[in-house]
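To keep things clear, I will list the structure first and then write my remarks on it.
Laboratory data are not the source of any read-out in this text; all were calculated from the coordinates shown. Since the structure is predicted, the reported quantities are computational estimates derived from the model, not experimental observations. With ideal geometry, Cβ positions are generated from the backbone for all residues, glycine too; neighbour counts draw on all protein chains shown.
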Amino acid sequence: MGLPWFRLYHELQDDPKIGRLSDAAFRTFILALCMACKVQKNGDTDVQEEMADWAFRRPVAAHIKELTACGVVTVRSGKIFIPKWEERQRPSDSGAERMKRYRERQRDVTRDVTRDSETSHRDGIEGEEKEKRSTETTSPCGVVVSVWNALPEPIKKIRALSSGRKTKLLARLREKEWRDHWREAIEKIPGSPFLCGKNDRHWIADFDFFVKPDSVTRILEGRYSNGAAKKVW
């Protein structure tokens, strides 16, 4: 099933062919795009030229002639057709395809969390503390937490990596930019008066702020250096 919408690029306003169209012809062109989107036949509108007045609910013969003259609409086998439709409307726009990718990402996160939970349960209560200590120094999440907790006051340590925090941290660790530079960003925090509470809100950077999508990039860009930042996003 096709999408209920189609792409309309902003370059349309600078296209001389479009600029020369009458208002009525331009309206007809937009309606023709809607029809092509509805039938999803790579630009075919399924509208016979001889039935165009009925399909558009008004006389459009002159407008179709104007559109075909400038090449934005053609007539194939007696039907009104939109050239380059398939080139402009990407198959990757499919809502089903986007949902499939989203679900795959969610499954990855769930699988990571579930695997860690099952490992802890299998080891039992006696082995849980040993596993926890090992995780703190060897797993990617544990390494990040250990480095964060080594920061001096006033930066607060985290007592536990909750499932919510772990999900966000795992998401960040899958991003190459974050994965390659998180340690460098942590090292810059003590040198930022703003992140250490010297701001109009007396706000101090915490771990939940650090695992937001843009925090590492903003720290490395100097957004919080020398008290320059005005607002925490």
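For segment 18-48, the residues whose backbone nitrogen is under 19 Å from a point 7 Å from the Cα of Val75, taken along Cα to Cβ, are 22, 25-33, 35-36, 43-48.
Here is the list for segment 1-65: trypsin sites (Lys or Arg not before Pro) lying in DSSP coil, each with at most 13 other C-beta atoms within 10 angstrom of its C-beta, are Arg7, Arg20, Arg57. Note on Met35, Met51: ascending count of other Cβ atoms within 10 Å places them as Met51, Met35, the fewest first. Stretched out straight at 0.36 nm per residue, the stretch from Arg7 to Val39 would grow longer than its current Cα-Cα span by 10.0 nm. Look at Ser77, Ser162 and count the other Cβ atoms within 10 Å of each Cβ; fewest to most, that gives Ser77, Ser162.
Checking the Cα-Cα distances for Lys38/Lys65; Lys38/Lys176; Lys84/Lys176; Lys100/Lys166 against a 32 Å cut-off, the pairs over it are Lys38/Lys176; Lys84/Lys176.
The stretch between Thr167 and Glu184, if pulled fully straight at 0.36 nm per residue, gains 4.0 nm over its current Cα-Cα span. Listed from fewest to most Cβ neighbours within 10 Å, the set His63, His181, His10 follows the order His10, His181, His63.
Spin-label model, Lys17/Ile158: points 7 Å from Cα along the beta carbon direction are separated by 5.4 nm.
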